[in-house]
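Undergrad: The structure's right below; bear with me while I get my questions together.
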Amino acid sequence: MQKIKTALLSYGMSGKVFHAPFLEFHSGFELLGSWERSKKLIQQDYPSVNSYATLKDLLASDAQLVIVNTPVGTHFEYAKKVLVAGKHAIVEKAFTTTVAEAEELVALATEKKVKLSVFQNRRWDSDLKTVRQILLDGVLGDIVEAEFHFDRYNPLLSPKQHKETANAGAGILKDLGPHLIDQAVYLFGFPQSVYADIRTTREHSLVDDWIDILLYYTNFRVRLKASFFVREAIPAYTIHGKKGSFLKPRGDVQEDHLKLGRKPNLESWGTESIEKEGLLHTEIDSKIVQGKIPTVQGNYYTFFDEVYNSIVNNKKEPVTGQDGLRVMQIIEAAIQSSAQKKAIDL
């Protein structure tokens, strides 16, 4: 099997938890190492790999794919350097800080004839995969409204400075917002317009930490919400159609298991407990159906497998740069909407 030599731009939580375990597990990747500015940690987990002292050193290596997993405000600068060097790139969310930056990266990847993907791994959460299956089955009838939540209870400021200082990449809109927005566009397509309310609710916070975004479609609406002051969670996914409703609590186990050091597999990985099953209440073949629905297995491995096929077999990336651009268009419209207190056409 052809190996894709791959390097990370950092080995903090995301590199250690979300990327390296899957690069190690997938037989089509070879992890070369990571750029590490101060702490030298990657060789503790992977003794045979490199710890690059500078980005220049990493780009001079024989890495074919580089994962840009640094703070959001650096994504454009570093991803551009990776693409200019003729290497394929995976960029974490938020893809960039502006639409103009996203457009430039998409155009550059096309010019250089390299693959560019955005790490929207939560498309492969068990929750979202189950919601998607419900929609594909059509058991709710025509959709009237949907509401997605990514809520937490965490009133304390993050110790990570880049998350709490006023900069172009900080705030919940560009942290949790891209997950919610990408999932909505993935399931329902690009909306016609956006209305948003963006707030700061934590004491001493300098960045936005509460969002309420309403996406307008022709015959239905999708609301996206995220907050740090939700102690008692409501369903993460609520969808109402003309025949029935589906409610699903957030239950994907992958992040928790990865943080515990568990290794991915293709059999039981991403399997939720039955307590997190979603509730379906609808009408099928003129009969009322109400009960729990088994959750579809999640697995972030699929993202990496599709990246592999996009590079080796010239297939489409699992999440394209154009997908990342669309999310940024909605984010910019949301910022404008909140400031002007009106809906913004896309």
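Undergrad: Please give the contour-minus-distance gain from T98 to V84: 0.36 nm per residue of separation, less the Cα-Cα distance, rounded to one decimal in nm.
TA: Working: separation 14, 0.36 × 14 = 5.04 nm, distance 1.95 nm.
Going from the current span to full extension adds 3.1 nm.
Undergrad: In percent, what relative contact order does segment 280-324 have, based on Cα pairs under 8 Å that are 6 or more apart in sequence? Intermediate values should be presented prior to the final figure.
TA: Working: 23 pairs, mean separation 9.2, N = 45.
Normalised by residue count, the contact order of segment 280-324 is 20 percent.
Undergrad: Here's a follow-up. Under 17 Å between C-alpha atoms is the cut-off here; go through segment 13-172 and count lysine pairs that meet it, provided they're at least eight residues apart or on different chains.
TA: So the count works out to 21.
Undergrad: Identify all aspartates and glutamates with a Cα-Cα distance to K342 below 16 Å; exclude those on the same chain that are fewer than 8 residues away in sequence.
TA: Within reach: D197, D212, E332.
Undergrad: Give the calculated FRET efficiency between D345 and H281 to the nearest 0.05, with a Förster radius of 35 Å applied to their Cβ-Cβ distance.
TA: Values: r = 35 Å, r/R0 = 1.00.
Here the calculated transfer efficiency is 0.50.
Undergrad: Okay, next question. Let a ≥ b ≥ c be the square roots of the eigenvalues of the Cα gyration tensor of segment 227-268; is it rounded (a/c under 1.5), or, if not, prolate (a/b larger than b/c) or oblate?
TA: Oblate shape, in that a/c is at least 1.5 and b/c is the bigger or equal ratio.
Undergrad: Turning to a different aspect of this structure: Can you compute the modelled spin-label distance between R202 and S27, with each label point 7 Å from Cα toward Cβ, in nm?
TA: Output for this residue pair reads 4.4 nm.
Undergrad: For every other residue with a beta carbon closer than 15 angstrom to the beta carbon of E317, add +1 if it is Lys or Arg and -1 if Asp or Glu, then tell me the sum.
TA: +4
Undergrad: Using label points projected 7 Å from each Cα along Cα→Cβ, tell me how many nm separate D62 and K113, to one decimal.
TA: Result for the modelled spin labels: 2.1 nm.
Undergrad: Return, for the Cα atoms of segment 257-346, the radius of gyration and Dmax in Å, separated by a comma.
TA: 20.1, 50
Undergrad: Here's something else I'd like to know. If you take every residue apart from G270 with its C-beta less than 13 Å away from the C-beta of G270, what net charge results, scoring Lys and Arg +1 and Asp and Glu -1? Display every interim value, and only then the final one.
TA: Details: positive: R122, R123, K129, R262, K263, K276; negative: D125, D127, D252, E255, D256, E267, E272.
Net local charge, G270 excluded: -1.
Undergrad: In segment 79-159, with Lys and Arg counted as +1 and Asp and Glu as -1 at Cβ, which of these residues, I134, L116, A94, has the Cα nearest the positive end of the dipole, that is, farthest along it?
TA: In segment 79-159, that residue is L116.
Undergrad: Looking only at the chain, where both bridge partners belong to it, what percent of the DSSP beta bridges are antiparallel (to the nearest 5)? Let's see the in-between values first.
TA: Working: 37 of 61 bridges.
In the chain, DSSP labels about 60 percent of beta bridges as antiparallel.
Undergrad: Pull out a ≥ b ≥ c, the square roots of the eigenvalues of the alpha-carbon gyration tensor of segment 192-346, then state rounded if a/c is under 1.5, prolate if not and a/b is larger than b/c, and oblate in the remaining case.
TA: Values: a/c = 1.42, a/b = 1.17, b/c = 1.22.
Note, shape of segment 192-346 comes out rounded.
Undergrad: If the only charges are +1 at each Lys and Arg Cβ and -1 at each Asp and Glu Cβ, what is the size of the charge dipole of segment 20-85 around the Cα centre, to the nearest 20 debye? Display every interim value, and only then the final one.
TA: Values: 6 positive and 7 negative charges, 60 e Å.
Approximately 280 debye in magnitude.
Undergrad: Per residue and in Å³, how big is the convex hull formed by the alpha-carbon atoms of segment 77-128? Let's see the in-between values first.
TA: Values: hull volume 4.0 nm³, N = 52.
For segment 77-128, the hull spanned by Cα atoms encloses 77 Å³ per residue.
Undergrad: Give me the percent of accessible area attributable to carbon and sulfur for segment 5-90, probe 1.4 angstrom.
TA: Values: 1850 of 3430 Å².
Result for segment 5-90: 54 percent of the exposed heavy-atom area is carbon or sulfur.
Undergrad: Distance in nm between label sites at H162 and Q44, each 7 Å beyond Cα in the beta-carbon direction?
TA: Calculated label separation equals 2.0 nm.
Undergrad: Shifting gears a bit: How big, on average over all directions, is the shadow cast by the Cα convex hull of segment 301-346, in nm²? It would help to have the intermediate numbers written out before the result.
TA: Values: hull surface 16.0 nm².
So the Cα hull casts an average projection of 4.0 nm².
Undergrad: Of D142, D125, D305, which has the most accessible area and how do the rest follow, probe 1.4 Å?
TA: Ranked from most to least accessible, the order is D142, D305, D125.
Undergrad: Once R0 is set to 22 Å, what does the formula 1/(1 + (r/R0)^6) return for the Cβ-Cβ distance between K263 and Q133, expressed as a FRET efficiency to the nearest 0.05? Could you put the intermediate results ahead of the total?
TA: Numbers: r = 26 Å, r/R0 = 1.20.
That gives a FRET efficiency of 0.25.
Undergrad: Using a 1.4 Å probe, what is the accessible area per residue for segment 154-274, in Å²?
TA: Numbers: 5950 Å² over 121 residues.
Using a 1.4 Å probe on heavy atoms only, each residue of segment 154-274 averages 49 Å².
Undergrad: Run the helix sum for the chain: -39,500 (n - 2.57) per DSSP H stretch of 4+ residues, divided by residue count, reported at 222 nm to the nearest 500 deg cm²/dmol. Let's see the in-between values first.
TA: Numbers: 11 runs with 106 residues, N = 346.
Helix-only estimate at 222 nm: -9000 deg cm²/dmol.
Undergrad: Ok, one more. Could you compute how much accessible surface R202 exposes when probed at 1.4 Å, giving the result in Å² to the nearest 10?
TA: Rounded to the nearest 10, that gives 20 Å².
Undergrad: Can I ask one more? Probe radius 1.4 Å, ligands and nucleic acids left out: which of M13, M328 has the largest accessible area, and how do the rest follow? It would help to have the intermediate numbers written out before the result.
TA: Values: M13 85, M328 0 Å².
These residues rank, largest area first, as M13, M328.
Undergrad: Any idea what the dipole of the chain comes to, in debye rounded to 20, about its Cα centre with Lys/Arg Cβ at +1 and Asp/Glu Cβ at -1?
TA: Details: 43 positive and 43 negative charges, 83 e Å.
Taking the Cα centre of the chain as origin, the dipole is about 400 debye.
The values are calculated or read from the model by the stated rules, or taken from the named source; none is laboratory data. This is a predicted model, so every value here is computed, not measured. Every residue, glycine as well, gets a Cβ built from its backbone with ideal geometry; the counts of neighbours run over all protein chains shown. The area values use the complete protein model at the heavy-atom level, side chains included, leaving out ligands, DNA and RNA. Shrake-Rupley method; radii C 1.70, N 1.55, O 1.52, S 1.80 Å.
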